[in-house]
Structure formats: structure tokens, C-alpha cells
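Visitor: The structure that follows is given in the form of C-alpha cells.
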Amino acid sequence: MKNLVLVENPLVKRDITYLRDEHTREYQFRLALERIAYSLVIEISKKFKLHEVDVKTPLEITKGYKIEQQIILVPVLRAGLSMVSSFINMIPYAKVGHIGLRRDEKTLQPIDYYYKTPRDLDTSKVIVIDPMLATGGSASAALKYLKNKGASDCVLAFLIAAPEGVKKMEEDHPDITVYTAALDRELNESGFILPGLGDAGDRTFGTL
Ligand code: PRP
């Protein structure tokens, strides 16, 4: 899986454990999810391009840095919304697009219901965010839309991914890097990630 970056550290592993635990309440789930999202954004930012600027300290002028590219965050509704605050806190000038997709429970195919994205997709770094990569149908559809709109520099950020979804990304979008905080074993017959954490959207928003 050459396009996969597994973002692991002891804090992430502890927080993934909170997410997996069926006894974790909504507010604890949301906090753990937000903390993991910080680790993801830090890892993704390692590829951001910088340009040098002069900065005047109280003592002298020295070298400083600015992020060169416009960053666009694209949460996949609805569960992706839960990760936005961590990304925005670290990249306050980011623009935010929204893509509404929900997975049909029987066919597991994504059904789209909303698109609203900033204009400058073609010159920006686009970070698609969603807690879960299962079959990969939703992420693939989101990328197809963004590429059709001109996006050429996209990455995907997940909390948890199934090998089936990573494989689909390699097949459908081999140019895209997938960042995830956990790579799980497999999907079950209903398309749920095993061992997984259940449905991130339902657990975040209390709609179980
Ligand atoms: C979940 C998840 C992803 C998608 C992953 O969303 O947040 O968007 O399923 O599945 P896939 O890789 O098989 O496409 P869901 O459709 O449950 O909608 P929600 O965010 O509204 O809960």
C-alpha cells in the first residue's frame, strides 16, 4: 500500500482505543476524535510548501516562514464535520468546502446530496476529511468530483481505514496519498470496518 501513511503515536493509539470502546460516550468520542485529527493535520502539513519571509524580533531581523499554498478542507458530510475544528485551529486561513454523501445501507454505494466548494481548487492543496474509509466508494466519489472541478493536489485524511478502501483508492486515484490513524483488518458483509468503531457519524452526533 504505497500511498498509505499510517499516523501513529502513543496518544493516537490511546485515543483510537477510546473510539473503539462501545462504552465511550458521545462527548468523550468527540474529544478523542478531535485529538487524533490534530495528529493527522500535523503529519499532512509536513508536505506543505513554505516560502521564506523576514521577521523582526524585538532584537533583530531573522528568517521566518509562511505557508505558500491556499489550503482547502473538504469534510465529507456528515461525519467529516467532526474533524474540521482541529484542522481549522491549526490552519486558520483554510477555506472549507462541503461534500454531502451518504452510503446506501444495502448497495453500499454513495448517494450524493450536497456540493459546495471554493473556487480556487485548482491552485490549492485540498484535504478531504472523513473519519472512515470503508469500501472507499464515498472517498472515490468525493475525489472524482473535486478533480472534475480542477483540484490537482489532494490528500485524504481518515481516523480509521479498511484495506478494501485503501485498495480502491490505489485503483481509482493512484495519485492520492491516504493518511489514517488506524488500518483495520477487513470489512464485514454489511460494509462495516472490523474491528472498527461502529459508525463514526452516529457515535459523534448521538444518532445511534
Ligand atoms: C460513513 C463515513 C464515510 C463512509 C465510508 O458515512 O463517514 O463517509 O460511510 O464508507 P465507504 O468507504 O464504504 O463509502 P455515512 O454514509 O454513514 O454517512 P454519515 O457521515 O452521514 O454518517
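The values are calculated or read from the model by the stated rules, or taken from the named source; none is laboratory data. Please read these numbers as outputs of a predicted model, since none were measured by experiment. Cβ coordinates were reconstructed from backbone atoms using ideal geometry, including for glycine residues, and neighbour counts include every protein chain displayed.
Visitor: Pairs under 9 Å by beta carbon, first residue on the phi > 0 side of the Ramachandran plot in the range 98-115, partner modelled with pLDDT of 95 or more and β-branched (Val, Ile, Thr), six or more apart or different chains?
Guide: Final answer for the pair search is 108/135.
Visitor: While we're on this one: When you scan the range 41-86, how many residues do you find that are closer than 21 Å to residue 202 by Cβ, within 15 Å of the ligand (Cβ to nearest atom) and of a type outside the set (D, E, K, R)?
Guide: 9
Visitor: Let me ask something additional. Please pick out the residue among 128, 155 that is within 18 Å of residue 37 (Cα to Cα) and within 12 Å of the ligand (Cβ to nearest atom).
Guide: After ruling out the rest, the residue left standing is 128.
Visitor: So, in the range 162-180, exactly how many residues are among the hydrophobic types (A, V, I, L, M, F, W, C) and crowded, with 22+ Cβ neighbours inside 10 Å?
Guide: Within the range 162-180, the first condition is being among the hydrophobic types (A, V, I, L, M, F, W, C), and the residues that meet it are 162, 166, 169, 176, 178.
Then drop every residue that is not crowded, with 22+ Cβ neighbours inside 10 Å, which leaves 162, 169, 178.
The qualifying residues number 3.
Visitor: Would you point out the residue of the range 6-35, among those that are of a type in the set (Lys, Arg) and either touching a residue at least 40 places away in the same chain (Cβ under 8 Å) or surrounded by 14 or more Cβ atoms within 10 Å (Cβ to Cβ) (or both), that is nearest to residue 80 (Cα to Cα)?
Guide: 30
Visitor: Return the pair list, or none, for Cβ contacts closer than 9 Å from residues in the range 147-174 that are more than 21 Å from residue 192 (Cα to Cα) and free of Cβ contacts under 8 Å to residues at least 60 places away in the same chain to residues that are among the basic types (Lys, Arg) and part of a helix (DSSP H, G or I), at least 6 apart or on different chains.
Guide: Note: pairs meeting the criteria are 154/147; 173/144; 173/147.
Visitor: Which one is surrounded by the most Cβ atoms within 10 Å (Cβ to Cβ), of the residues in the range 181-205 that are more than 12 Å from the ligand (Cβ to nearest atom) and touching a residue at least 40 places away in the same chain (Cβ under 8 Å)?
Guide: Ranking the candidates gives 181 first.
Visitor: Something else now. Checking the structure you have, find out if any residue of the range 134-148 is over 19 Å from residue 115 (Cα atoms), touching a helix residue (DSSP H, G or I) at 6+ places or on another chain (Cβ under 9 Å) and either within 14 Å of the ligand (Cβ to nearest atom) or not charged (D, E, K, R) (or both).
Guide: Scanning the range 134-148, I find at least one residue that is over 19 Å from residue 115 (Cα atoms), touching a helix residue (DSSP H, G or I) at 6+ places or on another chain (Cβ under 9 Å) and either within 14 Å of the ligand (Cβ to nearest atom) or not charged (D, E, K, R) (or both), so the answer is yes.
Visitor: Kindly provide the set of residues from the range 104-145 that are out of contact with any Leu (no Cβ under 8 Å at 6 or more places or on another chain) and within 21 Å of residue 182 (Cα to Cα), ordered by number.
Guide: Those that are out of contact with any Leu (no Cβ under 8 Å at 6 or more places or on another chain) and within 21 Å of residue 182 (Cα to Cα): 136, 140.
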